[in-house]
Amino acid sequence: MAGPLEGLRAIEIGDRGEVTGKLLADAGVELVRVEPPAGARSRHTGPFVADRRDVNASLHYAYLNTNKRGVTLDIEGDAGADLWRRLVTRVDIVIDSSGPGVLDELGLGYESFEDDQLVWCSITPFGLTGPRRDWVTTDLVSIALGGPPMSSGYDDHEVPPIRSDGEHSLAMGGEYAAIGALSAVLFRAASGHGQLVDVSIHECVAGTTEGAFPNWEYNQSLVQRQTARHATVAGSPPWQHMSTDGNYSMVHGGGVPRSQQIYERLLDWLDEHDAADDLRDPKYADVLYTDPRAAGEARVHIIDVVGRFMESKTADEIYRGGQAIHMPFAPVRRPEQNLNDPHWEDRDFWVEAEVPGHDQPVRYPRAGYRFTKSPVEFRRRAPLLGEHNTEVYGELGLDAAALTRLAQDGAI
């Protein structure tokens, strides 16, 4: 069935726009990924199938490039530049993360195309203007300079801030870019005009710091990082507890319900195990749900009581017991434990498909959103290096002899 974005065409170039391309391609955009003849950077990024370093064996690349067709192209030569121009004239959206000014210097950037319908989404470390425009960066630099690590880590501030793995800055920038590109497409539908969308990864990261920025901007207060819970100005009691089976459980909000009705259910659950302590005293509910700003000591006491109870149960008992009373409690899972989750199985979250170099199909996660009339489908695995050269360039009118010459000349 057609995806929600079927009918749109896009082309992607550069190494910072793969998340944007994936989001669009998974939703039905017909997208061509343009790579240099040696392959995109992500092809050389592990982990690799069977630890074999090969341009077609990167699991990192395999995930980020689903539903895309892939071609190789050296845009610095005349032949490659001509092919780039011809490819661009066939699409609605260009995802350009080649770097600030890279395509412009070759006469192949946005300004070189006199197409008022074209949506050109530029993804760069610091944007296309400003004093940092040409600064060099990596994911570590982007995520650190943007601010999130200062709110991520442990209660012990002798331990440095934590940077999450997985190139989160590119994920943040990629998601903002997808929203920006689609907004420009909607604007084009209303106005008849395309435009340049200038996405700064740094600004995307800096705008994704939860409460840190508004606390400083409005109150000049610094939030403090805390183990497995939101960074706050004043600090809060622990939310994570070791269960009797040796697994951690996450008790959101420290186990304090947001409504008095749920609080009563929590007390009933604690009473079943003689663990309610003195929480039946009306003073706790009165201060929690009448004047929450004055509930500091009461809240801390409730969290202590709930925490002791959590540490007397298995992680599964906490998870299911909490969910039964509508409390967001959950075990802290290893990533592989999600592969056999019955809820995700029921929602058909996983799809089995090929990974080049692996002798059996593997499980890919589908998109985290559903459309009832235009499903987001897994249509093709990530392309092998240059896999669709013949197909895509054939659509431009090039025959086998022409492609052979281009390959011999290093243009593709």
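The values are calculated or read from the model by the stated rules, or taken from the named source; none is laboratory data. This structure is a prediction, so every number in the text was calculated from the model and none was measured. Don't worry about glycine lacking a Cβ; one is built from the backbone with ideal geometry, like all the others, and counts go over all protein chains shown. Surface accessibility is based on the protein's heavy atoms, side chains included, excluding ligands, DNA and RNA. Shrake-Rupley method; radii C 1.70, N 1.55, O 1.52, S 1.80 Å.
Figures for the structure shown
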{"read-out": "Reduced Cα scattering model of the chain, Debye log10 I(q)/I(0), q = 0.08, 0.12, 0.13 Å⁻¹", "value": "-0.58, -1.08, -1.19"}
{"read-out": "Under 5 Å, built H, 5+ apart or other chain: amide partners of Ala382", "value": "Asn67"}
{"read-out": "Under the Karplus curve 6.51 cos²θ - 1.76 cosθ + 1.60, θ = phi - 60°, whole-Hz ³J(HN,Hα) for the range 174-190, x wherever Gly or Pro sits", "value": "x, 6, 4, 5, 4, 5, x, 5, 5, 5, 5, 5, 5, 4, 4, 4, 8"}
{"read-out": "Accessible solvent surface per residue of the range 35-186, calculated while the other protein chains remain in place, 1.4 angstrom probe, Å²", "value": "48"}
{"read-out": "Antiparallel %, DSSP beta bridges [both residues in the chain], to 5", "value": "35"}
{"read-out": "Long-range Cα-Cα pairs in the range 294-402 (distance over 25 Å), rounded percent", "value": "55"}
{"read-out": "The range 253-409, relative contact order in percent, only Cα pairs under 8 angstrom and at least six apart counted", "value": "14"}
{"read-out": "Which of Trp350, Trp120 is most accessible, then next, and so on - probe 1.4 Å", "value": "Trp350, Trp120"}
{"read-out": "Derived scalar couplings ³J(HN,Hα) [the range 241-256; Karplus, 6.51 cos²θ - 1.76 cosθ + 1.60; whole Hz; x for Gly, Pro]", "value": "9, 7, 8, 5, 8, x, 9, 8, 10, 9, 10, 4, x, x, x, 8"}
{"read-out": "Nonlocal amide H pairs with Val376, under 5 Å, H built at 1.01 Å", "value": "Phe371"}
{"read-out": "Inter-part distance where the range 121-164 and the range 241-319 are each reduced to a Cα centre, Å", "value": "37"}
{"read-out": "Estimated translational D of the range 139-203 in µm²/s (Stokes, Kirkwood radius over Cα pairs; 4 °C; 1.567 mPa s)", "value": "94"}
{"read-out": "10 Å-binned pair-distance histogram of the range 335-386 (Cα, whole percent)", "value": "20, 47, 28, 5"}
{"read-out": "Surface per residue (accessible, 1.4 Å probe) for the range 300-389, Å²", "value": "61"}
{"read-out": "Cβ crowding within 10 Å averaged over residues, with 142-155, 24-37 ranked highest first", "value": "24-37, 142-155"}
{"read-out": "Mean Cα-pair separation over length for the chain, i.e. relative contact order, pairs under 8 Å, 6 or more apart, %", "value": "20"}
{"read-out": "Derived scalar couplings ³J(HN,Hα) [the range 87-101; Karplus, 6.51 cos²θ - 1.76 cosθ + 1.60; whole Hz; x for Gly, Pro]", "value": "5, 5, 5, 9, 10, 8, 10, 10, 9, 10, 10, 6, x, x, x"}
{"read-out": "The chain - percent of accessible surface contributed by carbon and sulfur, probe 1.4 Å", "value": "52"}
{"read-out": "Net lengthening on full extension, Asp116/Ala400 (0.36 nm per residue, minus Cα-Cα)", "value": "98.9 nm"}
{"read-out": "Convex hull volume of the range 148-271 per residue (C-alpha atoms, cubic angstrom)", "value": "210"}
{"read-out": "From the C-alpha gyration tensor of the range 1-134, square roots of 5λ in Å", "value": "24, 19, 15"}
